[in-house]
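Here's the structure, in structure tokens; my notes come after.
The values are calculated or read from the model by the stated rules, or taken from the named source; none is laboratory data. Since the model is a prediction, treat every value here as computed from it, not as a measurement. Neighbour counts are summed over all protein chains in view; Cβ atoms, including those assigned to glycine, are modelled from backbone coordinates with ideal geometry. Surface accessibility is based on the protein's heavy atoms, side chains included, excluding ligands, DNA and RNA. Shrake-Rupley method; radii C 1.70, N 1.55, O 1.52, S 1.80 Å.
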Amino acid sequence: VQLQASGGGLVQAGGSLRLSCAASGFTFDDYSIGWFRQAPGKERQFVAAISRSGGSTYYADSVKGRFTISRDNAKNTVYLQMNSLKPEDTDVYYCAAGNPVVASVGVRRAYDYWGQGTQVTVSS
């Protein structure tokens, strides 16, 4: 099982980035996918999640209206389009696969598989 996150980088405030999470080694469309982020010394926090079919999406309040999660099951890939980036969005971003119930989409323990992180840095 592998989840490979990519697309991070350095961007100015107000700019955009698109993260990708490519999956392999499991049946991709059997799993919901979540994005989390973590700063050094802090807990990993929920960012967004998408259901197996892509029909349902969920967002943390801090990113609603700025970030969009989507998936392409034919490509085994989930995307996180991040617009209007702010310095406080600077973190390492992780993708994860699991089958959380709706009430648990933001809970780390609800996800079974995790990828390595990709660094996002937003300069002011």
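Numerical summary
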read-out: First in the range 45-66 and at positive phi, second anywhere and surrounded by 17 or more Cβ atoms within 10 Å (Cβ to Cβ), Cβ under 8 Å, 6 or more apart; value: Gly54/Arg71
read-out: Residue match in the range 82-98 (condition: in a strand (DSSP E or B) and of a type in the set (S, T, N, Q)); value: no
read-out: Residue match in the range 93-108 (condition: over 17 Å from Gln38 (Cβ atoms), among the basic types (Lys, Arg) and modelled with pLDDT of 95 or more); value: no
read-out: Residue in the range 91-111 that is more than 10 Å from the chain's Cα centre (by Cα) and aromatic (Phe, Trp, Tyr) present; value: yes
read-out: All positions within the range 45-70 that are among the basic types (Lys, Arg) and under 23 Å from Asp30 (Cβ atoms); value: Arg52
read-out: Asn83 being open to solvent by 20 Å² or more (accessible area, probe 1.4 Å), more than 26 Å from Val11 (Cβ to Cβ) and in contact (Cβ under 8 Å) with a residue 12 or more places away in the chain; value: no
read-out: Residue satisfying all of: in the range 21-69; aromatic (Phe, Trp, Tyr) and either part of a strand (DSSP E or B) or open to solvent by 50 Å² or more (accessible area, probe 1.4 Å) (or both); nearest to Gly98 (Cα to Cα) among these; value: Trp35
